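Accompanying notes for the structure given below.
The values are calculated or read from the model by the stated rules, or taken from the named source; none is laboratory data. All values reported here derive from a predicted model rather than from experimental measurement. Note: ideal-geometry Cβ built from the backbone for every residue, glycine included; neighbour counts use all protein chains shown. These accessible areas exclude ligands, DNA and RNA; they are computed on the full protein's heavy atoms, side chains included. Shrake-Rupley method; radii C 1.70, N 1.55, O 1.52, S 1.80 Å.
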Amino acid sequence: KFKYIFEKYKENDFAYASSYRYAKLIENENEALAKEKYVDYLSYAPNGKFAKDTLTIIEKFANRFKTDDYEILANAFFENANYEKALFYYQKGNFSKNWVKISKCYKNLNNTIEETNTIKNAIALKTSEVDEKDISYAIERLISITHSDKIQTLQDIYTYYPDSYVIPTVEYKLAETLTSIRSIKFYEDIVKNHPN
């Protein structure tokens with residue numbers, strides 16, 4: 001019945017809960033399929049009703065994890081405030097996609113040195129899938145934990161990482177902070193060179 005529910009009614013709460021229940025029933029008979037169904041559940045409900053139980057069970061299938069599974073596991077551990085395990089799995093995945101959560105893991109583990117290094121390494125990247133809100137958060141966090149002057153930090157990033165994907169955010173923050181003709185130039189550059 002659980003198999004029927006998740007196959008027939010995909011993409012709803014009942015299907016994902018059934019996926020979890022099905023995995024529980026078959027985990028001793030078919031580890032590969034059980035692992036897949038547990039991962040399906042965690043991808044949909046990383047902090048759902050059965051998430052903690054799933055996270056306890058799923059690590060025994062570690063030899064069956066694929067690269068795509070790492071981010072799902074990391075997100076679930078992160079959502080359940082297990083930052084050490086989240087960090088472990090994020091570090092097996094795509095840094096350019098997950099660096100903000102990696103830095104937040106370090107923050108929650110009170111490791112400001114690694115948090116700072118993570119943000120600095122991310123700023124040096126040319127591309128990333130991280131959104132504007134997270135970039136802004138990370139830059140403000142970097143300024144806060146390093147006790148740096150905001151304008152100087154922004155200008156340093158702008159000068160030393162001209163090809164970084166964070167430049168539009170840095171320019172916007174500089175334009176907001178500065179009170180000069182230079183602000184207008186930053187706004188113009190954003191509109192001209194970073195329309196998206």
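Considering only residues that are open to solvent by 60 Å² or more (accessible area, probe 1.4 Å) and not in a helix (DSSP H, G or I), which ones fall in the stretch 138-162? Correct list: H147, D149, Y161, P162.
Taking the stretch 163-176 as the range and being in a helix (DSSP H, G or I) and not polar (S, T, N, Q) as the test, the residues that pass are I167, P168, V170, E171, Y172, K173, L174, A175, E176.
Residues are listed down the side, and each one gets a yes or a no for (1) under 18 Å from the mean Cα position of the chain (by Cα); (2) closer than 23 Å to Y165 by Cα; (3) modelled with pLDDT of 95 or more:
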position	(1), (2), (3)
F65	no, no, no
D68	yes, no, no
N75	yes, no, yes
E79	yes, no, yes
I102	yes, yes, yes
C105	yes, yes, yes
N108	yes, no, yes
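Does A17 qualify as being surrounded by 14 or more Cβ atoms within 10 Å (Cβ to Cβ), over 16 Å from D68 (Cβ atoms) and at pLDDT below 90? For A17, the condition - surrounded by 14 or more Cβ atoms within 10 Å (Cβ to Cβ), over 16 Å from D68 (Cβ atoms) and at pLDDT below 90 - is met.
Within the stretch 145-158, residues that are over 17 Å from I135 (Cβ atoms) sit with their Cβ atoms under 9 Å from residues that are open to solvent by less than 50 Å² (accessible area, probe 1.4 Å) and in a loop (DSSP other than H, G, I, E, B), at 6+ positions apart or across chains, in these pairs: I151/L178. Residues that are open to solvent by less than 60 Å² (accessible area, probe 1.4 Å) and in a loop (DSSP other than H, G, I, E, B) within the stretch 103-137 comprise N111, A124, L125, S128, V130, listed in sequence order.
Just the residues that are open to solvent by 70 Å² or more (accessible area, probe 1.4 Å) and either assigned to a helix (DSSP H, G or I) or small (G, A, S) (or both), please, taken from the stretch 66-84. Within the stretch 66-84, T67, D68, E79, E84 meet the criteria. Of the numbered criteria (1) farther than 29 Å from F6 by Cα; (2) open to solvent by 70 Å² or more (accessible area, probe 1.4 Å); (3) not polar (S, T, N, Q), the one Y44 fails is (1). Please indicate, with yes or no, whether at least one residue in the stretch 93-100 is surrounded by fewer than 17 Cβ atoms within 10 Å (Cβ to Cβ), under 14 Å from the mean Cα position of the chain (by Cα) and among the polar types (S, T, N, Q). So far as the stretch 93-100 goes, yes, one or more of its residues are surrounded by fewer than 17 Cβ atoms within 10 Å (Cβ to Cβ), under 14 Å from the mean Cα position of the chain (by Cα) and among the polar types (S, T, N, Q).
Residue check: K49 meets all listed conditions (1) in a helix (DSSP H, G or I); (2) under 29 Å from N12 (Cβ atoms) but one, namely (1).
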